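Chemist: Submitted below is the structure of interest, expressed as structure tokens.
The numbers here are math on the coordinates, done by the rules we state, and not lab data. Please read all numbers here as calculations on a predicted model, not as lab measurements. Backbone-built Cβ (ideal geometry, glycine too); neighbour counts: all protein chains shown.
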Amino acid sequence: MATDSEMIDVVQVDRPGAIGMPMLHKAIFIGLLLLGLVAPFMLYPIFLMKVMCFALFACAFNLLLGFGGLLSFGHAAYFGSASYISAYTAKAWGFTPELAILCGTGAAAILGLAIGSLAIRRQGIYFAMVTLAFAQMVFFFSLQAPFTGGEDGIQSVPRGYLLGLISMAPDRNLYYFVLGVVFVGLLVIYRIIHSPFGQVLKGIRDNEARMVSLGYRTSRYKLAVFVLSAALAGLAGATKAIVFQLASLTDVYWTMSGEVVLMTLLGGMGTVFGPILGAAVIVTMQNYLATFGDWVTIGQGIIFVVAVMLFREGIVGVIARIIRRPL
Amino acid sequence: MFELLGIPPQALFGQLLLGLINGSFYAILSLGLAIIFGLLNIINFTHGAQYMMGAFVAWMLLNYLGIPYWGALIVVPIIVGATGIVLERLLISRLYHLDHLYGLLLTFGLALIITGIFRNQYGISGLPYAIPKQLAGGQNLGFMFLPNYRGWVVVVSLVVCLATWFAIEKTRLGGYLRAATENPTMVGAFGINVPRLITLTYGFGVALAAFAGVLAAPIYSVNPNMGADVIIVVFAVVVIGGMGSILGSILTGFGLGLVEGLTRVFYPEGSAVVIFVIMAIVLLVKPAGLFGREA
């Protein structure tokens, strides 16, 4: 489409380096990778893997909210269902971890297609309510379906052997596998954001009517980003199930949907790196406050209120404004 | 009429009554949401927590101050409505110039805080609240047994819903409210204090939720989580009905409660999800909702 490329040229004129990766972003990615490589020597690997899974989850969510302008309040549905499928295939069918994770991701994509095609019929606030309601439906399904183990969830999922060869039982081995999965996931998201498709999405986010008048079938773009976001959220959930050897109702409950919104909001909606930081902060907070029971919920609520009232750009958004570079 | 499709009438009407009761709560809560949304343009995610607060404040009044059910029915909506007004003035009102999403996120955060505080104080096991003795017992209607309190809930909910409808559609204040929903700037130009109208509207919507909470206290145990689960169903009810019409909200609420009750008789496994399935069908057939205008 000729109009496509012309559009993008115009968009990219004032953003040099948008075609390749800007030096700054390259540096941050390399920094993150190095950090990921050395971190398990200093911190507890399981905790780090949790942070990484949630970072991917939050970035997938941010792809939809920050770049598509669609607030889904039911992303736990994809995270959780992928977690169930990956746990089930690994435990009951003896799938290798990478295959189980792929199955989970695929299931989340299909679910995303089904829910997304209905949800994009409504806009704004209704969209949020519709996605939340469907996620609750997935929750009830998970509660009652025979293969999910109801309240117990699917426990003691085997970590298995990567490609049937490398044992994932030692934390260190699994850690580097998860690091690879999450890092690739983040790069994929980065690529989507900076592709022509991503530019069209931002156009829809900022002014849907204009994009329609330019000849874009906006609902197709919205559905596509919804499915991509659901699949990547699924990738995070499926990986999480292998890490913790557990898929449970927590993963599909609405509180999980709220948590990912919070991570994204805190880190910075519409920034590339914000959700990673947001996820790290929230997971750390949960870890430290875990012994105080309901204070986790209260703390999350307070962060929500403070973030909405005082810094809607999020932490990374504020940094980006100060250094005047998109992050 | 001893058996309908193999279902004994006691079971059928019992579930229908239960559905009607759930429907009463759906109707009052979605009515409050619709009124708030109409004027404030935010979805009040705190609604479920405020419903829960209603039940808890009623319990506290009874156990700490000895104020019985009948007093609570009047005092609780005022107290909880006042807390709503404080929230609106302090926090929500600062977000009107922003995207609607921030209102949703803020009220979600508030819901987490309120729920967390009550869970911290009272645990999650639930507290009992006795049915007032004037409404204890029940009537044998021949085909079913009707507990007095449940009949009362259905009747009083209907009355409250219809009174709200009347106040909004037929009174002068309601006229201001509808006008401000259409065009707040113009209404302000006529000398009506729109910000105050907005604050009062929020307080009223919250008071409705709290009233529903008091009604619910003797039926369900008073529990910090009682709001969270019902509010998501109410969101689905709102999507199905559309928020354009007051009567539409009421009808949809009661209707879906009945459908849920029927499902519990004929296909119990599906009762938890039937409303969401209906929502999916409505989205396919009439995306704006049964009574809705396109948002």
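Chemist: To the nearest 20 Debye, how big is the dipole of segment B:24-224 about its Cα centre, given +1 on the beta carbon of each Lys and Arg and -1 on that of each Asp and Glu?
Modeler: Around 220 debye, computed over segment B:24-224.
Chemist: Which one of B:Ala72, B:Tyr51, B:Thr164 has its Cα pushed farthest toward the positive end of the charge dipole of segment B:24-224, where Lys and Arg give +1 and Asp and Glu give -1 at the Cβ?
Modeler: B:Ala72
Chemist: By how many nm would the segment from B:Arg196 to B:Leu158 lengthen if fully extended, with 0.36 nm per residue of separation less the alpha-carbon distance?
Modeler: Numbers: separation 38, 0.36 × 38 = 13.68 nm, distance 2.80 nm.
Gain on stretching B:Arg196 to B:Leu158: 10.9 nm.
Chemist: With +1 on each Lys and Arg Cβ and -1 on each Asp and Glu Cβ, and nothing else charged, work out how big the dipole of the protein assembly as shown is about its Cα centre, in Debye to the nearest 20. Write out the running numbers ahead of the final one.
Modeler: Details: 32 positive and 23 negative charges, 161 e Å.
Dipole size: approximately 780 debye.
Chemist: How would you classify segment B:3-113 from its alpha-carbon gyration tensor, with a ≥ b ≥ c the square roots of the eigenvalues: rounded for a/c under 1.5, else prolate if a/b is greater than b/c, otherwise oblate?
Modeler: Values: a/c = 3.12, a/b = 1.48, b/c = 2.11.
Oblate.
Chemist: About the Cα centre of segment A:17-167, how large is the charge dipole given +1 on each Lys and Arg Cβ and -1 on each Asp and Glu Cβ? Please answer in debye to the nearest 20. Don't skip to the end; give the middle numbers.
Modeler: Values: 6 positive and 3 negative charges, 51 e Å.
Value, rounded to 20: 240 debye.
Chemist: Let me ask something else. State the answer as a single residue: which of A:Leu277, A:Val296, A:Gly160 lies farthest towards the positive end of the charge dipole of chain A, with beta carbon charges of +1 for Lys and Arg and -1 for Asp and Glu, about the Cα centre.
Modeler: The residue sitting most towards the positive pole is A:Leu277.
Chemist: Scattering from the C-alpha atoms of segment A:44-254 alone, worked out with Debye: what is log10 I(q)/I(0) at q = 0.10, 0.11, 0.14, 0.18 1/Å?
Modeler: Here the Debye-derived log intensity ratios amount to -0.42, -0.50, -0.78, -1.16.
Chemist: Quick check: net charge around A:Leu265, other residues with Cβ under 11 Å of its Cβ, Lys/Arg +1 and Asp/Glu -1?
Modeler: Numbers: positive: A:Arg312; negative: A:Glu259, A:Glu313.
Local net charge: -1.
Chemist: Over chain A, calculate the relative contact order: mean separation of alpha carbon pairs under 8 Å at least 6 apart, over the residue count, as a percent.
Modeler: Answer for chain A is 31 percent.
Chemist: Using a 7 Å offset from the Cα along the Cα-to-Cβ direction at both B:Tyr64 and A:Arg220, what is the distance between the two label points in nm, to one decimal?
Modeler: Those two pseudo-labels are separated by 6.0 nm.
Chemist: Suppose R0 equals 45 Å; then what is the FRET efficiency for A:Thr250 and B:Met186 from their Cβ-Cβ distance, rounded to the nearest 0.05? Display every interim value, and only then the final one.
Modeler: Values: r = 49 Å, r/R0 = 1.09.
With a Förster radius of 45 Å, E is 0.40.
Chemist: Pick out the long, greasy-scoring helices in chain A: whole DSSP H runs spanning 27 Å or more along their own axis by Cα, mean Kyte-Doolittle at least -0.5.
Modeler: On the way: long enough: A:97-119 (32 Å, 1.63); A:124-144 (31 Å, 1.60); A:171-193 (32 Å, 1.50); A:218-244 (39 Å, 1.23).
Membrane-span-like by this criterion, though nothing is claimed about a membrane: A:97-119, A:124-144, A:171-193, A:218-244.
Chemist: How much net charge surrounds A:Ile204 when only other residues with a Cβ under 11 Å from its Cβ are counted (Lys, Arg +1; Asp, Glu -1)?
Modeler: On the way: positive: A:Lys202, A:Arg205, A:Arg210, A:Arg217, A:Arg220, A:Lys222; negative: A:Asp206, A:Glu208.
The answer is +4.
Chemist: Rounded to a whole number, what is D in µm²/s for the protein assembly as shown from Stokes-Einstein with the Kirkwood radius over alpha-carbon pairs (10 °C, 1.306 mPa s)? Kindly include the intermediate steps, with their values, before the conclusion.
Modeler: Values: Rh = 25.6 Å.
This corresponds to a translational diffusion coefficient of 62 µm²/s.
Chemist: Let me ask something additional. Within segment A:248-279, find all residues whose amide N lies under 19 Å from a label point positioned 7 Å from the Cα of A:Ile30 along Cα-to-beta-carbon.
Modeler: Once the point is set 7 Å along Cα→Cβ of A:Ile30, A:273 turn out to lie under 19 Å by backbone N, inside segment A:248-279.
Chemist: Taking a ≥ b ≥ c as the square roots of the Cα gyration tensor eigenvalues, with a/c under 1.5 meaning rounded and otherwise prolate when a/b beats b/c, else oblate, which class fits segment B:24-224?
Modeler: Details: a/c = 2.36, a/b = 1.49, b/c = 1.58.
Taking the square roots of the gyration eigenvalues as a ≥ b ≥ c, segment B:24-224 is oblate.
Chemist: Going by the alpha-carbon gyration tensor, a ≥ b ≥ c the square roots of its eigenvalues, is segment A:279-319 rounded (a/c under 1.5) or, if a/c is not under 1.5, prolate (a/b greater than b/c) versus oblate?
Modeler: Numbers: a/c = 4.74, a/b = 1.72, b/c = 2.75.
Oblate shape, in that a/c is at least 1.5 and b/c is the bigger or equal ratio.
Chemist: What helices does chain B have that are whole DSSP H segments, at least 27 Å long along their own axis by Cα, and with mean Kyte-Doolittle hydropathy of 0.5 or more?
Modeler: Values: long enough: B:9-40 (45 Å, 1.65); B:69-90 (31 Å, 1.64); B:100-122 (33 Å, 1.03); B:148-170 (32 Å, 1.12); B:194-216 (33 Å, 1.60); B:246-266 (30 Å, 1.42).
Both cut-offs are met by B:9-40, B:69-90, B:100-122, B:148-170, B:194-216, B:246-266.
Chemist: So which lysines pass the test for A:Lys222, namely a Cα distance under 25 Å, with those fewer than 8 places away in the same chain ruled out?
Modeler: A:Lys202, B:Lys286
Chemist: With unit charges on the beta carbon (Lys/Arg positive, Asp/Glu negative), name the residue among B:Ile36, A:Gln286, A:Ala107 whose Cα is farthest towards the positive pole of the charge dipole of the protein assembly as shown.
Modeler: Value computed over the given set: B:Ile36.
Chemist: Follow-up question, since we're still on this one. Tell me, what does the Kirkwood hydrodynamic radius of segment B:149-295 come to in angstroms if you use every pair of distinct C-alpha atoms? Could the numbers behind the result be given before it?
Modeler: Working: mean 1/r = 0.0582 Å⁻¹.
Roughly 17.2 Å, rounded to one decimal.
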